[in-house]
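Shown next, in structure tokens, is the structure this report addresses.
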Amino acid sequence: MWSRGRWCIPRSPRRSVCRRRIPRPSCEGKAMTERKTLAILVGGGPAPGINSVIGAAVIRARLEAVDVLGVRDGFEWIMQGDIDHVTPLDIGEVSRIHFRGGSYIGISRANPTKDPAHLDNAVLALLRLNVSQLITIGGDDTAYSAMKLEEKAAGRLQVVHVPKTIDNDLDLPPSVDTFGFQTARHYGVEIVKNLMVDAKTTSRWYLVITMGRGAGHLAVGIGKAAGATLTLIPEEFTGRRIRLKSVVDTLVGAIIKRLSYGRLDGVAVVAEGLALGIDPADLEGFEEVERDTHGNVRIAEVNIGEILKTAVQKRLKEFGLKATIAAKN
């Protein structure tokens, strides 16, 4: 019942509960909340699992009614102020991209931190696209770019970085691997297993160079699971400059030991990071090797497999021995 500006709800013959009538809120004169937009970009090099991360992020965001933009080719375009190289992403188009390799929105090593103008352009480009949240997928260089971008945005952008490294070189709990590591290890094991059969059939040695710029986890994972003859990683030389002679002598020792067992074959798994640790004086032309925009040596340009092959064969010749060796990068 209505009584003196209150609704009175009878509870019993003795008493009633009275509640004040609360007016409905009015939206007049108030702007509606601006719709959020999430941007996703990928930097660095390719790795298994990138599309899985993109798909999961898009699906979660769209379920929360957040618009999503895929920024093509990492920082390449937005650091030039170009906002045309973006594509809207929705659940329908990303729900199956985890079955594909590569990156659905491209990838690049473009570095916006080398020029303050590029960093400004990247921030302004994202703001022009109405982006309030950014997910970057990449390695340590992309993580650094993301950090500087957030600093430059001064609160206008929320940035989250997803570490992308099949090297598994992050300080995570022992049971947690970086995405892509197990996939790379699995395929690496299959390759080495096949090479071991080929090596025995043809009586030759294979030097298999695996990825791993600063860590040998992938090489060890492949070598252990496949049962390779020998695995060499940069961590074994911690605290000192790696000399090419030490690496060569280790390989030669393994070959001679196998020969003593009557075996002419073997497979050595070598982490590519050894190339960075070896004294430049030992690697002819090492200083002239191309570097990326972050200043890192493009290890693919250092043919460490062929360098080791030549050096090992030369060393064996000094002992009056000969072995057929093939390098597999």
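A few points about this structure:
- Residues that are assigned to a loop (DSSP other than H, G, I, E, B) and within 13 Å of ALA39 (Cβ to Cβ), drawn from the stretch 120-147: LEU129, ASN130, VAL131, SER132
- Residue that is surrounded by fewer than 14 Cβ atoms within 10 Å (Cβ to Cβ) and more than 24 Å from THR165 (Cβ to Cβ), where the choices are ARG263, ARG258, ARG240: ARG240
- Some residue of the stretch 134-149 being touching a residue at least 40 places away in the same chain (Cβ under 8 Å) and farther than 26 Å from GLY216 by Cα: yes
- Residue match in the stretch 1-21 (condition: assigned to a strand (DSSP E or B), among the polar types (S, T, N, Q), at pLDDT below 85 and loosely packed, with under 11 Cβ neighbours inside 10 Å): yes
- The stretch 185-212, subset outside any helix (DSSP H, G or I) and small (Gly, Ala, Ser), residue modelled with the highest pLDDT: SER203
The values are calculated or read from the model by the stated rules, or taken from the named source; none is laboratory data. Values in this document were obtained by computation on a predicted structure and should not be read as measured data. Every residue, glycine as well, gets a Cβ built from its backbone with ideal geometry; the counts of neighbours run over all protein chains shown.
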